[in-house]
Amino acid sequence: MPQLELTDWQYELGGVLMGAGASVQVLETTGLGRAPVRDNDADQPSMDGAFAGPDYYASRQVQIDAAVRTPGDPAAAHDVAAALQAMADDPAVRLVGGETMPLRMKRPGRPVKVLNGRLRKADPEYAQAIHGYVPLDLEFIATDPTFYADEETTTEIPLGWLTGGGFKAPVVAPIFVQSGTTAADRPGWVANAGTGDAWPVIRITGPVAAVTITHVASGRQLSFPTLNLTSTSQWIEIDTRPGRRGITRENGGNASTLLAAASRIDLFSLPPGQSEIRWTGFDSTNTARMRLTWRDAYTAL
């Protein structure tokens with residue numbers, strides 16, 4: 001289903017348009033400020049005060065006070081209330097661990113932003129439904145409290161044959177070109193236009209072996225020393241997104257055992273701004289590719 005185009009002060013949940021100019025009017029929304037914090041403070045023994053431990057963001061509870069207004073059409077009011085519940089009732093969301101649905105929103109001077117979570121409450125009041133008026137009490141729990149861009153960004157980086165990323169001027173003989181016995185090294189750049197860490201989905205398509213992916217600024221690496229993709233039909237996908245982290249092969253199998261013990265996919269994020277990503281591997285055909293897909297991340301609406 002194509003996404004609805006949002007204008008200022010509009011929301012979209014489960015394919016239902018809410019807010020300015022829509023049949024579902026939003027009276028008040030709470031929970032869009034700073035996400036709740038799970039603190040780890042501990043009292044100082046034998047002295048005043050406490051020791052401030054790490055603060056972790058908890059899930060974000062968004063309350064939407066709304067009302068369906070379809071004057072003279074009670075059937076339409078019931079249809080809207082039912083549509084809000086339909087996506088949350090989808091077994092592909094409700095019965096799958098980690099699966100979420102998006103809450104999209106647009107504010108003046110801001111791009112459309114998305115929260116991912118579950119609709120936990122949709123409580124309509126039908127006392128005045130005969131007039132086409134149904135108040136709605138909605139509760140959306142964003143299991144990931146971060147706001148994300150509405151559109152994905154994708155960058156594809158080939159595995160170059162030239163060592164070191166290219167020639168260095170002046171070019172003089174002899175010129176050495178890789179034979180496939182040395183790992184190729186190709187730099188690439190990605191940009192997170194948001195204000196928080198973005199989490200990429202990385203797909204490596206063969207043929208390639210012994211792959212290492214490096215975030216240059218931080219030095220963090222994802223290493224697969226025993227990986228061997230023998231053709232362009234074979235790939236491995238590394239999902240670093242919170243709640244979805246895992247590594248899969250083209251056949252759907254779990255490939256987490258291929259990741260080196262020292263590698264941490266839960267730390268491989270794209271910070272705000274531009275980042276350089278390098279990857280190395282063995283490929284004598286120059287057809288291997290690495291594709292990164294992410295959504296810019298924001299700490300505030």
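The values are calculated or read from the model by the stated rules, or taken from the named source; none is laboratory data. Just so it is clear, the structure is predicted and the values come from calculations on it, not from any experiment. Glycine also receives a Cβ, built like all others from the backbone with ideal geometry; neighbour counts cover every protein chain displayed. Surface areas here come from the heavy atoms of the whole protein model, side chains and all, with no ligands, DNA or RNA. Shrake-Rupley method; radii C 1.70, N 1.55, O 1.52, S 1.80 Å.
Structure summary
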{"quantity": "Test for A260: is it part of a loop (DSSP other than H, G, I, E, B), more than 20 Å from the chain's Cα centre (by Cα), at pLDDT 95 or above and over 28 Å from G117 (Cβ atoms)", "calculated": "yes"}
{"quantity": "Criterion: more than 30 Å from V134 (Cα to Cα) and at pLDDT below 95 - qualifying residue of V80, V96, V16", "calculated": "V96"}
{"quantity": "Members of the range 65-84 that are closer than 17 Å to F140 by Cβ, touching a residue at least 60 places away in the same chain (Cβ under 8 Å) and not β-branched (V, I, T)", "calculated": "D65, A66, A67, A83, L84"}
{"quantity": "Per-region count, the range 9-29, residues in contact with a Leu (Cβ under 7 Å, 6 or more places away or on another chain) and of a type in the set (D, E, K, R)", "calculated": "1"}
{"quantity": "Yes/no for P102 being within 23 Å of A142 (Cβ to Cβ), of a type outside the set (K, R) and not in a loop (DSSP other than H, G, I, E, B)", "calculated": "yes"}
{"quantity": "Candidate set from the range 30-65 (those that are touching a Leu at 6+ places or on another chain (Cβ under 6 Å) and of a type in the set (A, V, I, L, M)); member that is least open to solvent (accessible area, probe 1.4 Å)", "calculated": "I64"}
{"quantity": "Test for L292: is it among the aliphatic types (A, V, I, L, M), surrounded by 14 or more Cβ atoms within 10 Å (Cβ to Cβ), within 19 Å of W199 (Cα to Cα) and out of contact with any helix residue (DSSP H, G or I) (no Cβ under 7 Å at 6 or more places or on another chain)", "calculated": "yes"}
{"quantity": "Selected residue (criterion: nearest to D144 (Cα to Cα)) from residues of the range 30-67 that are touching a Ser or Thr at 6+ places or on another chain (Cβ under 6 Å) and of a type outside the set (G, A, S)", "calculated": "Q63"}
{"quantity": "Unique match (being of a type in the set (S, T, Y) and in contact with a helix residue (DSSP H, G or I) (Cβ under 6 Å, 6 or more places away or on another chain)) among T7, T70", "calculated": "T70"}
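Here's the yes/no breakdown for (1) assigned to a helix (DSSP H, G or I); (2) open to solvent by 40 Å² or more (accessible area, probe 1.4 Å); (3) aromatic (F, W, Y); (4) on the phi < 0 side of the Ramachandran plot:
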position	(1), (2), (3), (4)
A67	no, no, no, yes
G72	no, yes, no, no
D79	yes, yes, no, yes
M87	yes, yes, no, yes
